[in-house]
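Taking it in order: structure first as structure tokens, then the write-up.
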Amino acid sequence: KMSKPRIWVTRRLSDATLERAARDYEVVINYEDRPGTAEEIIAASAAFDGIIPCHSEHFSAEVVAQFSDRLKIVANHSVGVDHCDLPALKSRGIVVTNTPDVLSDATAELAMLLMLGAARHAVAGDRIVRSGAWDSWSPAFMVGKQVTGARLGIIGMGRVGRAFAAKARGFDMELHYFNRSPLAEELTQGAVYHDTVESLLGVSDFLSLHCPATPETNGLMSAERFALMPAGAVFVNTARGALVDEAALIGALDSGQLSAAGLDCFQVEPGGNPAFSRFDNIFMLPHIGSATGQTRDAMGFRALDNLDAFFAGKAPGDQL
Ligand code: 8YV
């Protein structure tokens, strides 16, 4: 009788995911639910046929260079794979997969929350009510920026960017986007393509990032680029902290170039940037874009679908 493949689940995934994983595989689950260390990942390459990691486990070239031969597949529980050195993994013949599609709506919902919350002073407003400091009202009190009818720039018109565009259409926003290449009209439905980031920024009263973190996109939002945005623009990031020069973002908020920002990701995670805390006009969340019950189950199942295909001798649907 063939024994079941041995799988390491690095974090506490959803109950339904863990049940299915335990039914179909010989699993070791990290119920401690802390990030896997380099040593643990290297040791796992000798002890497991597959790993289901999260973005908290780093498969750097240095780590992968110390791998043993057993590990055959890294089935990520994430759409972003910037924590994986893909060339290093592939050159060892290790299959790498991710979980696209299933988190697009949850992430787009969070981008909408951040955009609306930033535009309408959600942080300052909550604080003033909660603290009991709400003792007056004036027509000039907490006046924000209207989203309906405003121009929205999207950098990265992939699955999440398009899901966000669909939600923004419900707010009658005028859609603009930058992407490495223009997309077919049936995908963008009237969104205006800009062939440079600079051109897009010039029309973006609201700007939302939906591109991956790669060497090319590192520090994409620089001081020079923030300066191209219309005065009082609102900036939203649910993609990756590495896309943003955080000192430049602070500069843009201090100068009023940006009126507000909504951030779900930071250069340093967990933790964020303590320099952001003095800004009531930054609405911050702790990297929870995909954190809905439905999406967590779907992400876990998608990772398991990829493992199932691989161990059945087929090409996983989400092989990178
Ligand atoms: C996850 C994410 O929370 O999918 C991604 O790229 O950043 C988030 O959905 C995280 O990566 C889980 O591993």
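The values are calculated or read from the model by the stated rules, or taken from the named source; none is laboratory data. Bear in mind the structure is a predicted one, so any value in this text is a computation, not a measurement. Note: ideal-geometry Cβ built from the backbone for every residue, glycine included; neighbour counts use all protein chains shown.
Quick notes on this one:
- Note on the stretch 110-192: enclosed helices (runs of 4 or more DSSP H) holding 2 or more residues that are of a type outside the set (Phe, Trp, Tyr), touching a strand residue (DSSP E or B) at 6+ places or on another chain (Cβ under 6 Å) and assigned by TED's automatic domain parsing to the domain that holds residue 207 are 122-130, 159-169.
- The condition (being within 30 Å of residue 253 (Cβ to Cβ), crowded, with 18+ Cβ neighbours inside 10 Å and of a type in the set (Ser, Thr, Tyr)) is satisfied by just one residue among 56, 78: 78.
- Matching residues, the stretch 195-214, being within 21 Å of residue 270 (Cα to Cα) and either in contact with an Asp or Glu (Cβ under 8 Å, 6 or more places away or on another chain) or part of a loop (DSSP other than H, G, I, E, B) (or both): 210, 211, 212, 213, 214
- Cross-chain or 6+ apart pairs with Cβ under 6 Å, the stretch 261-289 first and under 17 Å from residue 107 (Cβ atoms) and at pLDDT below 95, then basic (Lys, Arg) and exposed (fewer than 15 other Cβ atoms within 10 Å of the Cβ): none
- One residue stands out in the stretch 65-85 among those that are of a type in the set (Asp, Glu) and touching a Lys or Arg at 6+ places or on another chain (Cβ under 9 Å): the one that is nearest to the ligand (Cβ to nearest atom), namely 82.
- Apart from one condition, residue 232 fits all of (1) in contact with a Ser or Thr (Cβ under 6 Å, 6 or more places away or on another chain); (2) over 25 Å from residue 281 (Cβ atoms); the exception is (2).
- For the stretch 109-141, the candidate set comprises residues that are aliphatic (A, V, I, L, M) and without any contact (Cβ under 8 Å) to a residue 60 or more places away in the chain; within that set, the residue that is nearest to residue 238 (Cα to Cα) is 112.
- Cβ-Cβ under 8 Å pairs, at least 6 apart or on other chains, the stretch 202-223 side within 11 Å of residue 82 (Cα to Cα), far side β-branched (Val, Ile, Thr): 212/81
- Candidates are the residues of the stretch 86-130 that are within 16 Å of the ligand (Cβ to nearest atom) and of a type in the set (Asp, Glu); the one that is farthest from residue 168 (Cα to Cα) is 101.
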